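Participant: The structure that follows is given in the form of structure tokens.
The values are calculated or read from the model by the stated rules, or taken from the named source; none is laboratory data. Bear in mind that the values here come from a model prediction, so they are computed numbers and not experimental data. In this analysis, Cβ positions are derived from the backbone assuming ideal geometry, glycine residues included, and neighbour counts consider all displayed protein chains. Keep in mind that these areas ignore ligands, DNA and RNA; they rest on the heavy atoms of the full protein, side chains included. Shrake-Rupley method; radii C 1.70, N 1.55, O 1.52, S 1.80 Å.
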Amino acid sequence: QLTPEWTWQKFDLSYWNGDNMHLEITTGKDAPLMVNNSARSWFGIREAIIVRKGEPAPPEPREFLDPLFEITAEKPPESINDVADRYVAAITAAVNAWRDNSATDAQASLLNACLKQGVLPNQLDKLASVRPLVTEYRRLEEEVVTPTRVPGLEETIGRDQPLFVRGNHKQPGETVPRRFLEAIDATPYKTQQSGRLQLAEDLLRDDNPLTRRVIVNRLWHHVFGRGIVPTPDNLGRLGQEPTHPELLDYLATEFTVRKWSIKKAIRLMVTSKTWQLASEPSARAPEIDPDNRLLSHARVRRLEAESIRDALLVVSGKMLLAEQFGPPVDGNANRRSVYVRVQRNELDPFLRAFDFPEPFTTTGRRDVTNVPAQSLTMLNDPRVTELAASWAASMLNHKQVTSDDGRIYAMFARAFGRLPDSHEVERLRTYLSDTKVNHAVVAAQVAALRKELDYRQMAVSELLGPVRTRLIEQAKSKTGGAEEPVPKPIGRWEFEGDLQDAIGQAHGTAHGGAQIDKDALVVNKQAYVITAPIKQTLKAKTLEAWVQLSSLDQSGGGVMTIQTPNGAVFDAIVFAEQAPRQWMAGSDGFTRTQSFNGPADQDAAKQAVHVAIAYHADGRIVGYRNGQPYGKPYQSQGPFEFKTGEAVIGFGIRHLPAGGNRMLAGRILRAQLYDRALTAEEIQATSQSAPYFVSEAQVLAALTESDRTTVARERTRIQALETEIASFGTVPDLKDNLAAWTELAHTLFTLQEFIYVK
């Protein structure tokens, strides 16, 4: 990312030494790889120089002084007043030339230098007459639609290239003219251009059967699970031979007769007797054709990654088939997999588990593995569990299917496309019954543990509560009864039925389906909230939020962020962006981000936790969790100053634009913004929302030795109880037996028949 200053940018070309190459500089959106999120990135070039390695770099440009020297060339100044007059004359001439669209580069540099030094004003509050023009310009600029860019090829002058010896580009051989394959036509192309047009024509010429063979072989591969040539990327000498060469040529010929229609070619294949064969082999087939190369029966094969994901959505009833087209979506969206974003360095983990190809090159034949990670994904992926629960709930609420056997038949048919036999029904019925019993046992055990936990927590509270109250009263008496309240925020969002700022005017607007539920903001990796601009300049500051995550296995989502309206600059409370389950202070390009090296969070998915980040004026950034310091503070390059009206608050998003791993899934119960960095004591007080703060150490010190021993013993047991309760995982909900039916739905998802075609 280049700076907005005129400076030399060095590009070391030694890697391409000896090669023919060109250097291309583009704006962000025109680059082949995404380099920034700015839709309006720009650059300017005034001069380009090639310097041999080892030679000194060119001097920094000083041409902004040229207009001054031009005026003084005829008559050098004789006094300091003459020098000032020359400056005034040069600057006046530059301003007039700028107005008349005739300014030279040197004059533009002079004006730029004057702006930096404050010689010329550049603030709207000092240029009242300019404000309406600038406002109108910004309005018109915002209305300009950012064009959608599609990468393409430029047809230009072409030249022949040498043959690389054994593929080594450092060993060029003799020059080979641009032409088609020698086996068909070795005549060089008679054109001064690249030859792409001639190559395209040769690919489709009547006497070239290769293109048609490749196409129909790939179609056969996708329809039957293996191509007639088993190596679809290589139909040449190094590939495998076709199992049915005559069939391949017949299909290629029919492809031409049917005017190269892929739909008609697929229809021809799926209406064949071969396609309609059962997967059960005959008695002799394993002896004659153990690999089924001759297609004596259908091949059992696993669905592709996208089809497995789509099957989960369709069966659970969550697929949004009506939503078509539009930008790519996150893998947790309920749209077809064809819309899931494919980013080379951040592939969807579910698709990757089922052999989604790495998008670094073409893949004619995908890997089909059978590894433990796939079974574990179907068992433990929270998204699969969520879809199973949704499917189970819909079946329990089904008005036409009301009996257990009816639900079993309906769910089995929906999952596998066939009705179960009596043995399968009996096994599922038994599984459902056993699951209900097991859930009842677990619920009873957890209820007993929680009862003991409540009892012991109450015992501790009865010991600590009176002492804490007495200490608070003593604190009041020392100040003559005057309250020492917790710090007052400049913004507070309590999410009690609305998205209003309870203190200021930064009211929120929901996006992507964000909603209030039970006095909490619910976000789900698509939903988020953006507020109106903050009516105050902020530099040192504190972000504070109470949040419960949907899952600890998410990364990069933002709980609360302060950002410019386009998200180019931001500071945020972020979960697990650089390390799993760790809280961090997110920022644009990690410019103010280092790891706190705090412990991995184990509880944020079970209960709400308090998280705060304080940005001090000297650049120090301190993290807190549940009122206590989180990890170690660090020194950054200094807090960014968000100007009045130029910053918004976001909830459920790391920064705009929305999408990707910026989004959070969970419940945000409350959030507060402060216009200074709170101290550790203040954070501890705000985390408890108490008007006075008495530390835990003070309370323990005021206890008797016997009571301190009792508190320590009870807390040891409380910790053991919490660990034991956590070992049970999610406690099943016995209401309507939803948990048992969810287990049954999840079990159907994990059966091989769900992801295999036979």
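Participant: Select from region 537-555 the residues that are open to solvent by less than 10 Å² (accessible area, probe 1.4 Å) and of a type outside the set (D, E, K, R) and write down the one among them that is farthest from Q672 (Cα to Cα).
Facilitator: That would be L549.
Participant: In region 578-634, which strands (runs of 3 or more DSSP E) lie fully inside it and hold 3 or more residues that are within 26 Å of E722 (Cβ to Cβ), among the hydrophobic types (A, V, I, L, M, F, W, C) and out of contact with any Cys (no Cβ under 8 Å at 6 or more places or on another chain)?
Facilitator: Ranges flagged: 609-615.
Participant: Could you tell me whether any residue of region 23-33 is exposed (fewer than 10 other Cβ atoms within 10 Å of the Cβ), farther than 30 Å from R662 by Cβ and modelled with pLDDT under 90?
Facilitator: Yes, that holds for at least one residue.
Participant: Only helices (runs of 4 or more DSSP H) wholly contained in region 651-758 count here; list those with 1 or more residues that are touching a Leu at 6+ places or on another chain (Cβ under 9 Å) and open to solvent by 40 Å² or more (accessible area, probe 1.4 Å).
Facilitator: Per the criteria, 696-701, 705-727, 738-750.
Participant: Output the residues belonging to region 489-514 that are outside any loop (DSSP other than H, G, I, E, B) and either in contact with a Lys or Arg (Cβ under 6 Å, 6 or more places away or on another chain) or surrounded by 15 or more Cβ atoms within 10 Å (Cβ to Cβ) (or both).
Facilitator: Matches in region 489-514: G491, R492, W493, G508, A510, H511.
Participant: Can you tell me which of (1) open to solvent by less than 70 Å² (accessible area, probe 1.4 Å); (2) in a helix (DSSP H, G or I) is the one L277 doesn't meet?
Facilitator: (2)
Participant: Continuing with the same structure: Looking at (1) closer than 23 Å to H616 by Cα; (2) of a type in the set (K, R); (3) touching a strand residue (DSSP E or B) at 6+ places or on another chain (Cβ under 6 Å), which is the one condition that is false for K525?
Facilitator: (1)
Participant: Here is a further query. Contact list please: Cβ distance under 9 Å, first residue in region 117-135 and closer than 21 Å to I91 by Cα, second residue modelled with pLDDT of 85 or more and not in a helix (DSSP H, G or I), pairs at least six apart or on different chains.
Facilitator: Pairs found: L124/V130; L127/P121.
Participant: A follow-up question, please. State yes or no: is R352 among the basic types (K, R) and more than 19 Å from the chain's Cα centre (by Cα)?
Facilitator: no
Participant: Take the residues in region 556-574 that are buried (at least 19 other Cβ atoms within 10 Å of the Cβ) and touching a Pro at 6+ places or on another chain (Cβ under 9 Å); name whichever of them is modelled with the highest pLDDT.
Facilitator: Result: D571.
Participant: Restricting attention to region 280-289, and to residues there that are assigned to a loop (DSSP other than H, G, I, E, B) and either small (G, A, S) or open to solvent by less than 100 Å² (accessible area, probe 1.4 Å) (or both), which single residue is nearest to K758 (Cα to Cα)?
Facilitator: Result: P281.
Participant: Of these, R335, R344, which one is modelled with pLDDT of 90 or more, over 24 Å from V223 (Cβ atoms) and under 19 Å from the mean Cα position of the chain (by Cα)?
Facilitator: R335
Participant: Looking only at region 575-622, filter to residues that are farther than 19 Å from Q637 by Cβ and of a type in the set (G, A, S); which one of those is modelled with the highest pLDDT?
Facilitator: Selected residue: A612.
Participant: Still on this structure, please answer the following. Going residue by residue through region 115-130, is there one that turns out to be modelled with pLDDT under 85, open to solvent by less than 100 Å² (accessible area, probe 1.4 Å), farther than 30 Å from E254 by Cβ and not in a loop (DSSP other than H, G, I, E, B)?
Facilitator: Yes, the conditions are met somewhere in region 115-130.
Participant: Which of the residues spanning region 349-371 are surrounded by fewer than 17 Cβ atoms within 10 Å (Cβ to Cβ) and either outside any loop (DSSP other than H, G, I, E, B) or aromatic (F, W, Y) (or both)?
Facilitator: Those that are surrounded by fewer than 17 Cβ atoms within 10 Å (Cβ to Cβ) and either outside any loop (DSSP other than H, G, I, E, B) or aromatic (F, W, Y) (or both): P349, R352, F360.
Participant: I need a count of the residues in region 424-455 that are touching a residue at least 12 places away in the same chain (Cβ under 8 Å) and open to solvent by 60 Å² or more (accessible area, probe 1.4 Å).
Facilitator: Summing the residues that are touching a residue at least 12 places away in the same chain (Cβ under 8 Å) and open to solvent by 60 Å² or more (accessible area, probe 1.4 Å) in region 424-455 gives 4.
Participant: On to the next question. Could we say that D202 is of a type in the set (D, E) and either surrounded by fewer than 15 Cβ atoms within 10 Å (Cβ to Cβ) or touching a residue at least 60 places away in the same chain (Cβ under 8 Å) (or both) here?
Facilitator: Criteria not met by D202.
Participant: Pick from A333, A393: which is in a helix (DSSP H, G or I) and open to solvent by less than 60 Å² (accessible area, probe 1.4 Å)?
Facilitator: Going through A333, A393 in turn, just one is in a helix (DSSP H, G or I) and open to solvent by less than 60 Å² (accessible area, probe 1.4 Å): A393.
Participant: Being among the hydroxyl-bearing types (S, T, Y) and farther than 20 Å from E47 by Cβ is the filter here; which residues of region 75-112 pass it?
Facilitator: S79, Y87, T92, S102 - these are the residues of region 75-112 that are among the hydroxyl-bearing types (S, T, Y) and farther than 20 Å from E47 by Cβ.
Participant: Continuing with the same structure: With respect to I50, determine if the residue is open to solvent by 60 Å² or more (accessible area, probe 1.4 Å), farther than 23 Å from Q117 by Cβ and modelled with pLDDT of 80 or more.
Facilitator: Yes; evaluated as a whole, the condition is true for this residue.
Participant: E346 passes all but one of (1) open to solvent by less than 90 Å² (accessible area, probe 1.4 Å); (2) among the acidic types (D, E); (3) under 29 Å from P732 (Cβ atoms); which number fails?
Facilitator: (3)
Participant: Might you let me know whether region 683-703 holds any residue that is modelled with pLDDT of 90 or more, under 33 Å from the mean Cα position of the chain (by Cα) and not basic (K, R)?
Facilitator: Scanning region 683-703, I find at least one residue that is modelled with pLDDT of 90 or more, under 33 Å from the mean Cα position of the chain (by Cα) and not basic (K, R), so the answer is yes.
Participant: So which residues in region 402-418 are within 18 Å of A311 (Cβ to Cβ), open to solvent by less than 60 Å² (accessible area, probe 1.4 Å) and without any contact (Cβ under 8 Å) to a residue 60 or more places away in the chain?
Facilitator: The answer is A410, A413.
Participant: Exactly one of these conditions fails for D421: (1) surrounded by fewer than 17 Cβ atoms within 10 Å (Cβ to Cβ); (2) touching a residue at least 12 places away in the same chain (Cβ under 8 Å); (3) more than 29 Å from A665 (Cα to Cα). Give me its number.
Facilitator: Result: D421 passes all but (2).
Participant: In addition: Checking V144 against (1) at pLDDT below 85; (2) over 30 Å from F69 (Cβ atoms), only one condition comes out false. Which one?
Facilitator: That leaves (1) as the condition not met.
Participant: Within region 372-389, can one find any residue that is touching a His at 6+ places or on another chain (Cβ under 7 Å), closer than 22 Å to A745 by Cβ and of a type in the set (G, A, S)?
Facilitator: Yes, there is a match, as at least one residue in region 372-389 is touching a His at 6+ places or on another chain (Cβ under 7 Å), closer than 22 Å to A745 by Cβ and of a type in the set (G, A, S).
Participant: Residues being more than 25 Å from N208 (Cα to Cα), open to solvent by 90 Å² or more (accessible area, probe 1.4 Å) and not in a loop (DSSP other than H, G, I, E, B): count how many of those fall in region 145-163.
Facilitator: 1
Participant: Could you list all residues from region 515-536 that are on the phi < 0 side of the Ramachandran plot, open to solvent by 60 Å² or more (accessible area, probe 1.4 Å) and in contact (Cβ under 8 Å) with a residue 40 or more places away in the chain?
Facilitator: D517, N524, Q526, K535, Q536 - these are the residues of region 515-536 that are on the phi < 0 side of the Ramachandran plot, open to solvent by 60 Å² or more (accessible area, probe 1.4 Å) and in contact (Cβ under 8 Å) with a residue 40 or more places away in the chain.
Participant: From the set of residues in region 401-430 that are under 41 Å from the mean Cα position of the chain (by Cα), among the charged types (D, E, K, R) and under 23 Å from Y756 (Cβ atoms), which is modelled with the lowest pLDDT?
Facilitator: Filtering region 401-430 for residues that are under 41 Å from the mean Cα position of the chain (by Cα), among the charged types (D, E, K, R) and under 23 Å from Y756 (Cβ atoms), the one modelled with the lowest pLDDT comes out as R418.
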